[in-house]
Amino acid sequence: MGHAVPLPTGTDPAGLEDVACAVVRAAGRLVVEERPAQLAVSAKSTLTDPVTVMDQRSQELLMTLLGERRPDDGFLGEEHGGTTGSSGLTWVVDPIDGTVNYLYDIPAYAVSVAAVTGDPSRAGDWQAVAGAVLNPVAGELFHAHRGGGARLTTAAGTRTLRATAATDLAMALVGTGFGYDPELRRRQAAALLELLPRVRDIRRHGSAALDLCGVACARLDGYYETGLNAWDRAAGELVAVEAGAVVGGPDGNVPDRDLTWAAASGLAEDFAALVRDLTARHVRGPD
Ligand code: IPD
Ligand code: CA
């Protein structure tokens with residue numbers, strides 16, 4: 001979430017939430033309805049980090065729609081850079097979060113869009129104002145604006161989200177994820193080896209945005225990951241916080257690439273202490 005970055009004058013967080021919802025719905029339709037039977041894939045940061053033509057098309061659509069509706073705002077997307085706006089707001093976009101799931105047609109991927117204040121290229125210098133995360137296959141739209149609570153909209157209607165009432169780490173269901181770099185993964189696995197015996201169980205769903213929304217909608221008690229980018233987490237973090245969860249980083253409440261964690265409020269202190277210690281020793285430490 002970052003430090004409290006002031007809102008530009010005249011900002012309407014609820015209106016921005018509506019914009020985020022509208023554009024993720026459009027991109028979600030695109031990625032589901034126009035998914036080719038044979039997806040062309042290229043490798044990005046490593047051989048196992050895929051980008052498909054649909055990640056690119058989804059981002060282009062989001063950039064076009066946001067440019068039409070919010071021409072003065074900036075844009076930062078996972079697939080190819082961005083633009084700086086003049087309004088003080090930037091749209092931070094993951095056109096398909098969970099690209100490996102998308103590739104294998106596993107129905108756990110999302111389009112994630114957030115409007116943020118500050119500079120999203122610098123961890124700690126930005127804060128989400130509004131956001132939406134859509135799992136287009138499940139038909140689940142998670143959305144929130146700062147100070148306005150978090151909601152889940154499905155075909156059955158809209159309901160307010162609340163994180164779990166969990167307090168006992170030993171009974172916590174914990175989500176996590178892994179980066180694409182082999183050495184980072186080895187370190188993440190070492191941290192996980194120590195975490196697993198201390199919690200109820202773990203889940204690796206394959207979409208950081210959906211994991212954060214999972215904490216918001218009580219499908220997970222906690223979630224942590226190292227190596228996330230702003231687009232993986234901007235919207236999901238806001239949804240989690242607005243659902244009453246606590247979000248933080250390696251120290252304090254500012255998540256960054258070193259560590260992003262989210263937990264039900266009754267669990268947050270113990271959970272933060274555990275994942276901070278494990279990631280400091282195994283992921284960032286000399287291991
Ligand atoms: C990835 C997913 C995954 C997480 C990785 C992310 P992508 O995003 O969110 O769950 O573990 O760290 O990079 O590459 O599918 O957009
Ligand atoms: Ca992502």
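The values are calculated or read from the model by the stated rules, or taken from the named source; none is laboratory data. These numbers were taken from a predicted model, which means no experiment stands behind them. Positions of Cβ are backbone-derived with ideal geometry, glycine not excepted, and every protein chain shown enters the neighbour counts. Just the protein is used for accessible areas: all its heavy atoms, side chains included, with ligands, DNA and RNA removed. Shrake-Rupley method; radii C 1.70, N 1.55, O 1.52, S 1.80 Å.
Below, the figures for the structure above:
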{"item": "Per-residue ³J(HN,Hα) for segment 195-208, Karplus 6.51 cos²θ - 1.76 cosθ + 1.60, θ = phi - 60°, Hz, x for Gly and Pro", "result": "6, 3, x, 9, 10, 4, 5, 10, 10, 10, 7, x, 8, 4"}
{"item": "Carbon + sulfur, % of accessible area of segment 169-284 - ligands and nucleic acids excluded, 1.4 Å", "result": "51"}
{"item": "Per-residue HN-Hα couplings for segment 178-185 [Karplus 6.51, -1.76, 1.60; θ = phi - 60°; Hz; x = Gly/Pro]", "result": "10, x, 9, 7, x, 5, 4, 4"}
{"item": "Total formal charge among the other residues, if their Cβ is under 11 angstrom from that of Gly175, Lys/Arg +1 and Asp/Glu -1", "result": "-1"}
{"item": "Under 10 Å, Cβ to Cβ, from Ala263 - net charge with Lys/Arg +1 and Asp/Glu -1", "result": "-3"}
{"item": "Relative packing of 278-286, 192-200, which averages over residues the other C-beta atoms within 10 Å, highest first", "result": "278-286, 192-200"}
{"item": "Cα shape, segment 137-182, gyration tensor, a/c 1.5 rule", "result": "oblate"}
{"item": "Value of D in µm² per second that Stokes-Einstein yields for segment 169-284, Kirkwood Rh from Cα pairs, at 37 °C (0.692 mPa s)", "result": "244"}
{"item": "Rounded accessible area per residue of the chain, 1.4 Å, Å²", "result": "41"}
{"item": "Cα Rg, Dmax, segment 13-160, angstrom units", "result": "15.0, 43"}
{"item": "Net charge, Arg203 excluded, C-beta distance under 9 Å - Lys, Arg +1, Asp, Glu -1", "result": "0"}
{"item": "Cα-based convex hull, the chain, per residue volume (Å³, whole number)", "result": "116"}
